[in-house]
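Engineer: Please read through the structure below; I'll follow up with questions.
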There are 2 protein chains.
Amino acid sequence: MFIETILHHWEQTIKRATAAFDQYDDEEYLKQILPGKNRVIYLLGHLTAVHDRMLPLLGLGERKFPHLDATYITSPDNPDLAAETSEIATLKKQWIEVNEALTNGLRQWTAEEWLQRHTAVSEADFAKEPHRNRFGLVINRAAHVSYHLGQLVWLKK
Amino acid sequence: MFIETILHHWEQTIKRATAAFDQYDDEEYLKQILPGKNRVIYLLGHLTAVHDRMLPLLGLGERKFPHLDATYITSPDNPDLAAETSEIATLKKQWIEVNEALTNGLRQWTAEEWLQRHTAVSEADFAKEPHRNRFGLVINRAAHVSYHLGQLVWLKK
């Protein structure tokens with residue numbers, strides 16, 4: 001039941017985020033949420049790249065979109081960067097695709113697999129900090145989505 | 001281990017929030033995070049009231065500060081509302097106190113107790129939606145903290 005509950009939390013968080021992103025049109029994707037703050041396109045790219053990184057961290061396969069990191073993780077947003085409408089559509093598809101891959105993976109795990117270390121923590125560190133398991137990583141990443149959702153709702157419609 | 005991991009996530013989230021609130025001085029508590037958005041004092045009062053409501057929801061006792069709801073849950077923020085410095089100090093203490101009561105309670109639970117329904121869900125609904133347990137409630141409330149932390153970091157220092 002712990003597993004069913006965290007799976008439900010993960011899926012609800014993704015669903016809420018997808019619904020929040022879906023309410024904006026292409027023009028709004030290129031607007032800053034508030035003056036000087038990230039644009040909507042940056043938040044979607046950032047969350048997609050971070051979730052893509054979860055695939056190898058959780059032993060669920062290779063990354064699908066490693067090219068996103070340069071624009072959406074290692075660089076801050078650049079509001080002067082133009083984007084084609086097609087890029088927004090592509091990003092939306094990638095967001096869906098990476099979360100489907102993750103959710104399908106999580107659904108297969110046994111309790112033991114949920115409690116294994118994730119690959120960014122060494123065996124030595126994991127022995128000292130056993131809460132750095134896959135379960136903890138999934139909760140943290142869901143919290144990271146909520147963090148940015150709190151910002152996204154501040155875009156004036 | 002599921003329990004240790006969620007407890008760690010809960011405690012880290014509260015610690016991060018407390019550190020974030022602690023970085024602002026009294027004058028900043030009365031400033032809107034951004035024009036037209038909630039003030040820092042409102043976010044702290046809101047989170048304190050919501051966590052205070054968790055006590056009866058989780059069967060951990062009576063509420064400590066039910067009077068907070070009128071200002072911080074059922075009303076939107078009113079930036080013209082003055083606040084004494086002493087009110088800010090009181091709110092900070094209440095935030096610590098309510099989270100200590102919650103965390104001490106969570107630490108005592110067995111796995112069965114974590115998976116019991118919380119008191120806002122009826123037995124009939126719980127039979128259909130068993131993820132509406134105390135464990136799910138704690139994850140959701142931690143995510144709610146992260147949601148508002150994402151907003152709080154946008155206050156210009």
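All of the numbers you see were taken from the coordinates with simple rules; none came from a lab. Small disclaimer: the values here were computed from a predicted structure and weren't measured. Counting neighbours? That spans all protein chains shown, and the Cβs are built from the backbone with ideal geometry, glycine included.
Engineer: For the cross-link pairs A:LYS15/B:LYS37; B:LYS31/B:LYS64; A:LYS31/A:LYS92; A:LYS15/B:LYS15, which exceed 18 Å when the distance is taken from alpha carbon to alpha carbon?
Structural biologist: Over 18 Å Cα-Cα: A:LYS15/B:LYS37; B:LYS31/B:LYS64; A:LYS15/B:LYS15.
Engineer: Right, next: Within segment A:15-46, report the trypsin sites (Lys or Arg not before Pro) that DSSP leaves as loop and that have at most 13 other Cβ atoms within 10 Å.
Structural biologist: When the trypsin sites (Lys or Arg not before Pro) of segment A:15-46 are filtered for loop state and at most 13 Cβ neighbours within 10 Å, nothing remains.
Engineer: Averaged across B:27-36, how many Cβ atoms of other chains sit within 10 Å of each residue's Cβ atom?
Structural biologist: Across B:27-36, the average partner-chain Cβ count within 10 Å equals 1.
Engineer: How about segment A:83-157: which GluC sites (Glu not before Pro) there lie in a loop by DSSP and see at most 10 other Cβ atoms within 10 Å?
Structural biologist: Passing sites in segment A:83-157 are A:GLU84.
Engineer: For the protein assembly as shown, what is the mean residue ellipticity at 222 nm derived from helices alone (per DSSP H run of n ≥ 4: -39500 (n - 2.57); sum divided by total residues; nearest 500 deg cm²/dmol)?
Structural biologist: After summing the helix terms and dividing by residue count, I get -20000 deg cm²/dmol.
Engineer: Something else: If you find the alpha carbon centre of segment A:28-70 and of segment B:62-124, how far apart are they in angstrom?
Structural biologist: Going from one Cα centre to the other spans 33 Å.
Engineer: Something else about it: Take the Cβ-Cβ distance between A:GLU62 and B:ALA82 as r, set R0 to 51 Å, and report the resulting FRET efficiency rounded to the nearest 0.05.
Structural biologist: 0.35
Engineer: Taking a label point 7 Å out from Cα toward Cβ, give me the nm distances from A:GLU129 to the same spot in the other copies, shortest first, one decimal.
Structural biologist: Here A:GLU129 shows inter-copy label distances of 3.5 nm.
Engineer: If you count, for every residue in B:136-148, the Cβ atoms of partner chains within 10 Å of its Cβ, what is the mean?
Structural biologist: What the average comes to for B:136-148 is 5.
Engineer: Can you pull the semi-axes for segment B:43-157, root of five times each eigenvalue of the Cα gyration tensor, sorted largest first, whole Å?
Structural biologist: Here the semi-axes work out to 29, 15, 14 Å.
Engineer: A further question follows. For chain A, take the longest principal axis of its alpha carbons; what is the angle in degrees between that and the long axis of helix A:134-152, to the nearest 10 within 0 to 90?
Structural biologist: Helix A:134-152 and the main axis of chain A meet at about 20 degrees.
Engineer: I'd like the orientation of helix A:40-57 relative to chain A: the angle between its Cα long axis and the longest Cα principal axis, in ° from 0 to 90, rounded to 10.
Structural biologist: Between helix and principal axis, roughly 20 degrees.
Engineer: Please compute one quarter of the surface area of the Cα convex hull for the protein assembly as shown and express it in square nanometres.
Structural biologist: With the hull built on Cα positions only, its mean projection is 17.2 nm².
Engineer: If you take every residue apart from A:ALA142 with its C-beta less than 11 Å away from the C-beta of A:ALA142, what net charge results, scoring Lys and Arg +1 and Asp and Glu -1?
Structural biologist: Net charge in that neighbourhood comes out at +1.
Engineer: At B:ASP26, label 7 Å along Cα→Cβ: distances to the other copies, nm, ascending?
Structural biologist: 5.4
Engineer: Mean separation of Cα pairs under 8 Å and 6+ residues apart, divided by the residue count of segment B:1-104: what relative contact order is that in percent?
Structural biologist: 29
Engineer: Measuring label to label, 7 Å along Cα→Cβ, what does A:ILE96 give against each other copy in nm, shortest first?
Structural biologist: List, nearest first: 5.0 nm.
Engineer: Could I ask something else about it? Against the longest alpha carbon principal axis of chain A, how many degrees, from 0 to 90 and to the nearest 10, is the axis of helix A:2-22 turned?
Structural biologist: Around 10 degrees separate the two axes.
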